[in-house]
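Bear in mind these aren't lab numbers, they're just calculated from the coordinates by the rules spelled out. Remember, predicted model here, so these are calculated numbers, not experimental data. Note that each Cβ is placed from the backbone with ideal geometry, even for glycine, and that neighbours are counted across all protein chains shown.
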Amino acid sequence: MEFKNIRAPRTILDTFIDLLPAQLQSNPALRKKGIVLTYYWDNTVTDEQREEIDTFLTTLDTSSSNQDLYLPGGVHVRVGLLDGNGSITMTRGVRQGDWAFVEEDKLMNKVEVVVDKAVGQLRHFDCEERVLALNVMTADMMMPESWADAIREIVQEKSSGDVRCEILFAYDNVLR
């Protein structure tokens, strides 16, 4: 059995979390605020977007409770400030049928790369049954069943039917 994680990309939230500690040192007023991010985009942050986020944090007006951040690529981030302890959270409404937070083609490309590697590793083992467990972790903890079916098909194709696919969903997050 081979176990592989298919993690979500480094998102806007991850980038804010990475950059905030330095800003807390240089802007003491931020230590008394909680930052609440609302956005509908979960792809990997580009270098240009990261620079914009860093500039935004550097110039953040802590006296204003709501601000808008517009990132390259047409990404809108609503930034709320409230009394807090220098932490960051993300919130957004999700309606039944909303699945667009992760781009399907990018996820499937990542799955293909991981499956290629795993199938190659499994071929070295002489065993009765080969199982590939894929742990899919998306930022919004959602994935349509059709994507799970597509992932199983990728494993079927790449292994010529020699590997059984088991899909776990956000296994690491559930244990925390």
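The table below gives the values:
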{"quantity": "Mean residue ellipticity (222 nm) of the chain, computed from DSSP H runs ≥ 4 via -39,500 (n - 2.57), nearest 500", "calculated": "-11500 deg cm²/dmol"}
{"quantity": "Per-pair calculated FRET efficiency, R0 = 22 Å: T91 and Q25 via Cβ, rounded to 0.05", "calculated": "0.25"}
{"quantity": "Kirkwood hydrodynamic radius (C-alpha pairs) into Stokes-Einstein, the range 12-90, 37 °C and 0.692 mPa s, D in µm²/s", "calculated": "263"}
{"quantity": "Percent RCO, i.e. relative contact order, over the range 12-90, from Cα pairs under 8 Å lying at least 6 residues apart", "calculated": "47"}
{"quantity": "Lysine pair number, Cα distance threshold 26 Å (strictly under), the chain, separation 8 or more or different chains", "calculated": "8"}
{"quantity": "Cβ-Cβ FRET estimate between R7 and E157, R0 fixed at 30 Å, reported to 0.05", "calculated": "0.85"}
{"quantity": "Histogram of C-alpha separations across the chain, 10 Å bin width, %", "calculated": "9, 32, 27, 19, 11, 3, 0"}
{"quantity": "Protection-proxy order for peptides 103-116, 10-23, each taking the mean of Cβ atoms within 10 Å per residue, highest first", "calculated": "10-23, 103-116"}
{"quantity": "Residues A148 and S63, FRET efficiency given R0 of 30 Å [Cβ-Cβ distance, rounded to 0.05]", "calculated": "0.05"}
{"quantity": "Contact order normalised by residue count of the chain, Cα under 8 Å, 6+ apart, percent", "calculated": "29"}
